[in-house]
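The values are calculated or read from the model by the stated rules, or taken from the named source; none is laboratory data. On a predicted model such as this, the values are computed, not experimentally measured, just so you know. Here Cβ is always computed from backbone atoms with ideal geometry, including for glycine, and neighbour counts include all displayed protein chains.
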Amino acid sequence: MRAVVITHAGGPEVLEAHEVEDPPQLGEGEVLIEVAAAGFNRADTLQRHGRHPPPADASPYPGLECSGTIEALGPNVPSRWSVGDKECALLSGGGYAEKVVVPAGQLLTLPEGISLTDASGLPEVACTVWSTVFMTSHLSSDESFLIHGGSSGIGTFAIQIAKHLGIKVFVTAGSEEKLAACKDLRADVCINYKAEHFLERVKQETHGKADDVIL
């Protein structure tokens with residue numbers, strides 16, 4: 001198969017497409033994905049610069065999320081997954097390749113109406129926001145939510161899912177352009193932290209209560 005290889009530490013020019021060995025044999029509960037698209041994350045940039053080595057048992061190729069089609073199933077994969085299914089996946093590495101092995105538990109079925117290309121950028125932000133904000137912090141619709149860096153990948157996803165659930169959303173960002181992007185996603189209170197103190201504004205908007213959950 002072909003994969004994007006980091007030839008040495010450096011800028012984008014060190015990335016090259018090479019013929020490499022096929023993925024290893026599927027283990028218990030693993031699936032083989034024929035990759036359609038891969039998401040791009042800051043960790044990929046750090047890995048390219050030599051500052052974020054992959055785990056010892058992970059693929060040496062960058063790419064922490066991807067989308068594609070299930071090509072093969074390993075032993076004891078749950079029956080909900082089938083060859084030919086269109087999925088996106090959270091990876092420990094290897095998304096920048098034609099094929100990648102992933103535990104079935106890290107697959108996400110494509111939401112209706114979402115293309116394979118768009119879905120490749122969902123797993124990292126979706127898993128991060130859902131696990132921290134809702135599974136850990138238990139944010140509910142009668143609470144308020146402060147998102148620092150509201151125009152980031154994590155921030156924009158968090159705004160959208162919180163507003164879908166009817167939650168009041170506060171965001172901070174460092175420019176009016178970034179705040180405008182947050183407003184377009186229906187953030188309720190948008191604060192330029194370079195122009196005003198976000199804590200004072202939050203207290204003002206909540207009548208001294210402050211926010212229930214901060215991301």
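Restricting attention to region 81-106, which residues are part of a strand (DSSP E or B) and farther than 30 Å from Val14 by Cα? Spell out how you get there, then give the answer.
Quick first cut of region 81-106, residues part of a strand (DSSP E or B) only: 86-90, 97, 99-103.
Passing the criteria: only Lys86.
Quick one: which of Ala89, Ala72, Ala38, Ala56 is of a type in the set (Gly, Ala, Ser), in contact with a Phe, Trp or Tyr (Cβ under 6 Å, 6 or more places away or on another chain) and outside the structural domain of Ile154 (by TED's automatic domain parsing)? Working first, answer last.
Working: Ala89 fails: in contact with a Phe, Trp or Tyr (Cβ under 6 Å, 6 or more places away or on another chain); Ala72 fails: in contact with a Phe, Trp or Tyr (Cβ under 6 Å, 6 or more places away or on another chain); Ala56 fails: in contact with a Phe, Trp or Tyr (Cβ under 6 Å, 6 or more places away or on another chain).
After ruling out the rest, the residue left standing is Ala38.
For region 1-74, give me every one of the strands (runs of 3 or more DSSP E) that falls completely inside it and has 1 or more residues that are loosely packed, with under 11 Cβ neighbours inside 10 Å.
Per the criteria, 15-19.
Just one of (1) aliphatic (A, V, I, L, M); (2) in contact with a strand residue (DSSP E or B) (Cβ under 7 Å, 6 or more places away or on another chain); (3) at pLDDT 95 or above; (4) farther than 23 Å from Gly27 by Cα trips up Leu165, so point out which.
(2)
Quick one: in region 172-182, which of the residues that are more than 19 Å from the chain's Cα centre (by Cα) and not acidic (Asp, Glu) is nearest to Ser140 (Cα to Cα)?
That would be Thr172.
Could you give me the residue pairs with C-beta distances under 8 Å whose first residue belongs to region 1-21 and is farther than 16 Å from Arg51 by Cα, whose second residue is basic (Lys, Arg) and part of a strand (DSSP E or B) wherever it lies, and which are 6+ apart or on separate chains?
That search, which allows pairs on different chains as well, returns Met1/Lys99; Ala17/Arg2; His18/Arg2; Glu19/Arg2; Val20/Arg2.
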